[in-house]
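Visitor: Here it is, the structure, as structure tokens.
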Amino acid sequence: MKVNTGTRPHRSMSSPAIVVGALGAALAAALLISSPAATQTGPPIKIGVIHDLTGALSQMGSELNEGIRLHVSEIGGQVAGRKIELLFEDSESKVDPGITKVRKLVERDRVHLVIGPVNSALAYALRDYMDTNKVPIIVTQASATDLTQAKASPYLFRTSFGSEQLNMPAAWYAYSKLGYKRAIVVALDMVGGREQSGGFIKTFRQLGGTVVSEVYAPLNTADWAPYLTRVKADLDKADFVAAIVWGPDAMRFVRGYTDYGMKGTKPILAHGSAVDEGFLPSEGAAALGILNYLFYTPTQDTPENRRFRDLTRRELGKEPTNWDAMGYTTAKVVTEALRKVQGQVEDVPRFLAALRGTEIVAPQGKFRFDEKQNAVIDLHIRRVENVGGKPVNAFVDQIPNVGQFWTPPR
């Protein structure tokens, strides 16, 4: 049986998205082969995976897939004696193709569950379809707030974070811990960007802070000059710049902040995606010193993260990224629930109950779901530092047990 691996050459943002390297092919092949000691107790468990493999968010999607394959390969491509068959599709960073691909996975391929997507607009569009068809979906990166609030569904789980979830405590940290009172907020003009910046702005203002200006740039903006000019014009009125950007736009913003002479004048507090490990080599010295926040720090020295880092180096030949960790954690949550039900994924109510109760120690720390089936995680505070001649995110601090309904401590 042929598996659509959905891989691409690592780090190449312009390379074709469905190119399979030798390692990717070997890992994909491992997914179709049960451990020799395993006893087959049923047909394969089919898991559809829908991520962006082309377009502006392709790095996130590709690395999420890397992490998923890494965990499934690690457990021998099977759970409870049943093979795990991964079927990868590319949402192309667009809503309509994504919907079409998921319909194919559900109606033609007959998958038992779906993992993904990255894009919040697509996640919103898929919610009712998955709920109506009673097919579980484990959302990875899409941070659309209402998916696990007003639009919560018993069939929908999220292993990453809601849009406001990371940004509310980040705003508190900026105001209460760093002493920043006046902010310029820079974000992407898309569903996720507007929601995430909204969470930051709401909390910062509630604490007493002032938002001097808001600057929104469309996803995949080639020329950041107009937006950087607006930031620079208000810089003397602010204490810092809150940057909620990701993908290629993050690299353009970080490098542009230096090119326009703003580095060293007012600090940046960034969403961790702005200084993702995949971007740091290109951002170079421009990223040094940027304080940022995210759910994972590749350099954090804990037993589980050391094990994951060693596994990634050995199997993928590289350092782990945030999205490798998220893909790995998502897959581990799924296989742990499958193990609890002895692989009987067809018993959907039982499988859903197992998912709700799953708690694991992930590379980023303790993981569990809240009552709306959204992840409860620790928020890591990191700083980009020069280590061994290259920029890396160093662990600085953390805010524990951050859920989507987080409130500032009194």
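Visitor: Mind listing the phi-derived Karplus ³J(HN,Hα) values for the stretch 181-196, rounded to whole Hz, using 6.51, -1.76 and 1.60 with θ = phi - 60°, and x for any glycine or proline?
Guide: 10, 10, 10, 9, 10, 10, 8, 7, 8, 8, 3, x, x, 5, 5, 5
Visitor: Please give the Cα centre distance for the stretch 222-237 versus the stretch 333-362, rounded to the nearest Å.
Guide: 48 Å
Visitor: Nearest 10 degrees, 0 to 90: what angle lies between the long axis of helix 120-133 and the longest principal axis of the chain (Cα atoms)?
Guide: 30 degrees
Visitor: Based on the Cβ-Cβ distance from K177 to Y260, what FRET efficiency comes out when R0 is 22 Å, to the nearest 0.05? Could you put the intermediate results ahead of the total?
Guide: Details: r = 28 Å, r/R0 = 1.26.
That pair, K177 with Y260, gives E of 0.20.
Visitor: Let me ask something else. Just grab the label-to-label distance for K390 and D378, each label 7 Å out from Cα along the Cβ direction, in nm (one decimal).
Guide: It is 2.5 nm.
Visitor: Give, in nm to one decimal, the length gained when the segment between S282 and D397 is fully stretched (0.36 nm per residue of separation minus the Cα-Cα distance).
Guide: That works out to 38.9 nm of additional length.
Visitor: Can you tell me the orientation of helix 22-31 relative to the chain, as the angle in degrees between its alpha-carbon axis and the longest Cα principal axis, to the nearest 10?
Guide: Helix 22-31 sits at roughly 50 degrees to that axis.
Visitor: While we're on this one: Let's test the formula: R0 of 30 Å, r as the Cβ-Cβ distance of A150 and K104. What FRET efficiency results, to the nearest 0.05?
Guide: After rounding, the FRET efficiency stands at 0.60.
Visitor: A further question on this structure: With each label point set 7 Å from Cα along the Cα-Cβ vector, what nm distance links T299 and E319?
Guide: 0.7 nm
Visitor: Put a dot 7 Å past each Cα toward the Cβ at D370 and D128; how far apart are the dots in nm?
Guide: It is 2.6 nm.
Visitor: With θ taken as phi - 60° and the coefficients 6.51, -1.76 and 1.60, list the Karplus ³J(HN,Hα) couplings across the stretch 353-361 in order, rounded to whole Hz; mark glycine and proline as x.
Guide: 5, 5, 4, 4, x, 6, 10, 9, 9
Visitor: What ranking do 278-290, 246-258, 228-240 get when scored by the average of other Cβ atoms within 10 Å per residue, highest first?
Guide: 246-258, 278-290, 228-240
Taken together, the values in this text are just the output of simple stated rules run on the coordinates, not laboratory data. For clarity, every value in this text was computed on a predicted model and none was experimentally measured. Please note: Cβ atoms are built from the backbone with ideal geometry, for glycine as well, and neighbour counts cover all protein chains shown.
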